[in-house]
Structure formats: C-alpha cells, structure tokens
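Data first, discussion second: the structure below is written as structure tokens.
The values are calculated or read from the model by the stated rules, or taken from the named source; none is laboratory data. Owing to the predicted nature of the structure, the values given are computational and were not obtained by experimental measurement. Positions of Cβ are generated from backbone atoms using ideal geometry, with glycine treated the same way; all protein chains shown enter the neighbour counts. What goes into the accessible areas is simple: the full protein's heavy atoms, side chains included, and nothing from ligands, DNA or RNA. Shrake-Rupley method; radii C 1.70, N 1.55, O 1.52, S 1.80 Å.
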Amino acid sequence: MLNVSIVLYHTDIQEVKILVDVLRSCPHVNTIFLIDNSETRNQEFETLSVTHLFNGKNLGYGAGHNIAIRQTLTDQIPYHLVVNSDISFQPESIGQLIDFMENNKDIGSLMPKIFYPDGKIQYLCKLIPTPLDLFGRRFLPRKWMQKRVEHFELRQFGYDKTMDVPYLSGCFMLLRSEALQKVGLFDERFFMYPEDIDLTRRIREHYRTVFYPKVSVIHNHAQGSYKDKKLLWIHIINLIKYFNKWGWWCDKKRKQINKETINQFK
C-alpha cells in the first residue's frame, strides 16, 4: 500500500485529472494528496477522488510534499510516491515497482525509466554533482561540457540495467517510509530544485537508491528554469544553499560516492 502526493501551482486541472484517474485504477494506492501551493483556490480539484490541501501560498516543492509524507508516516503506510502532475504511466507500473521493493528491502528510493513523450530517454540518473556539473551545464557552451555532462548523467551505462544511483529525479520518487523515518523528509531550506539531490543522498547513507528500467513512465519535462528568468534565479539561489550545506569543492563523501557508483559496473 502507498500514498501519493502531487504538488500543484496553478496546475491545469485536466493534466491532474488524467494522473488521478490512472492512480485510482491502481489497487495499491491508498490516499492521493493534492498539495495546492496556488494563491487562488480552484474548486474543481475538490471534485476529484483525492485529499485536496489548499495552502493559499507557494510553500515550495519539498515543503509541499512533506505535508503529505508526514501523514503517510503517521498512518504507517509503508510507501510514499512523490510524483509530478505531468507524468503518465500504465496502472500496473505501481504494483511492479512495489513488488521490486518488497523483494529488495534494502532499497529506500526507486525510480523507473523515464521517457519524453516522443520516446527519447530522459537521462535522470546522475552522480552527486559538483558546482561545475550544475552551473557549467547551464551557463558554459555545450561543446565544452558535453563529455562531462554525459559522464555526470551516467549515459555510458546505457540505462538498460538496474543501477544504484546517488541522485534520482524528484519527478517520480517511490520512497520507503522506513527510510524517511530514519533520514528525515525533504529539506525545506530548498524552495525548489535541489531537494531531490539532497534527499537521495541522505537515503543512500542507509539504503540503496535504485534506477529500475524494467518499468517506465512518460514525463512531459518542462525545464521551467530554462524558459523563465524568475525560475532560473530560484534555481541558482537554491543550488547555492545546497552547496553551502554539503560543500562546494571540498566534499570527500561526494568523491567516494561517485567512485563507488562507477565501480559497480567494473
């Protein structure tokens, strides 16, 4: 059994309804939380078969999901799915992922294979980033960064086998509640963007964090910070907070974790 949380911010009702309908057809799903960070209430969300929590202000991505995760832990639901509203998948996918985690009790976080709507792979399995990995790929010429980005995104391993990955995308995170009880929830200092890096890294200290390509989903990835200067500024500020927490250039654990990730294929 699992609970699901979807954070909204003036999100299209039809996009959410499609996802809710799929989730409701999954027998493993208990409660679906719509955490609404919009400034104005959309009454239509309350007609869906969900628990709609309207905040009236934008609390941030991680802080929004934490509201639902706390309830999951209180109710002792064994799994929690953090998912974006622009994700689509087959209903049986949830059961397949839970079965895999049930058979591998050492996994704390699981991410399926993720495609764009046109069928191309989204390279969302990543090493723990250095400042150059994140700022360089955003601001330096692509030809300067291409090889480094491909290494950072573990492209050399083909995305065709199960991998232990230290940084999994927050667009679809199947989380073991026991792991969240041990390491804590999303760090609410991060308003948006690096909260998935931080949480995956903390879970990895005690559990496996795994990419599982036998199940796939489709993600209509918007990459908002590439199109909106306000989102870009939010992205930069929160990356600064992330590196202030974990270390900029002096981060011995990062080097060790990344080495272990690469070595699993040798």
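Selection over region 77-133 of residues that are within 24 Å of Thr11 (Cβ to Cβ) and aromatic (Phe, Trp, Tyr) gives a count of 4. Considering region 143-181, and only residues there that are open to solvent by 20 Å² or more (accessible area, probe 1.4 Å), polar (S, T, N, Q) and touching a residue at least 40 places away in the same chain (Cβ under 8 Å), the residue that is farthest from Gly108 (Cα to Cα) turns out to be Thr162. Consider Asp118 against the criteria (1) under 14 Å from the mean Cα position of the chain (by Cα); (2) open to solvent by 40 Å² or more (accessible area, probe 1.4 Å); (3) acidic (Asp, Glu): it satisfies all of them except one. Which criterion is unmet? Going through the list (1) under 14 Å from the mean Cα position of the chain (by Cα); (2) open to solvent by 40 Å² or more (accessible area, probe 1.4 Å); (3) acidic (Asp, Glu), Asp118 breaks only (1). Candidates Val7, Val16: the one that is at pLDDT 95 or above, closer than 18 Å to Phe172 by Cβ, assigned to a strand (DSSP E or B) and touching a helix residue (DSSP H, G or I) at 6+ places or on another chain (Cβ under 9 Å) is Val7.
Would you confirm, using the coordinates I've provided, whether Thr130 is at pLDDT below 95 and open to solvent by less than 60 Å² (accessible area, probe 1.4 Å)? Yes; evaluated as a whole, the condition is true for this residue. Of the residues making up region 112-142, just one is farther than 25 Å from Val210 by Cβ, touching a residue at least 60 places away in the same chain (Cβ under 8 Å) and among the aromatic types (Phe, Trp, Tyr), namely Phe135. Starting from residues that are over 30 Å from Asn238 (Cα atoms) and touching a residue at least 24 places away in the same chain (Cβ under 8 Å), keep the ones in region 32-65 and report whichever is most open to solvent (accessible area, probe 1.4 Å). Among them, the one singled out is Glu44. Given the criterion out of contact with any Ser or Thr (no Cβ under 8 Å at 6 or more places or on another chain), within 29 Å of Glu92 (Cβ to Cβ) and not in a helix (DSSP H, G or I), identify the matching residue among Phe190, Phe186. Of the residues listed, the single one that is out of contact with any Ser or Thr (no Cβ under 8 Å at 6 or more places or on another chain), within 29 Å of Glu92 (Cβ to Cβ) and not in a helix (DSSP H, G or I) is Phe186.
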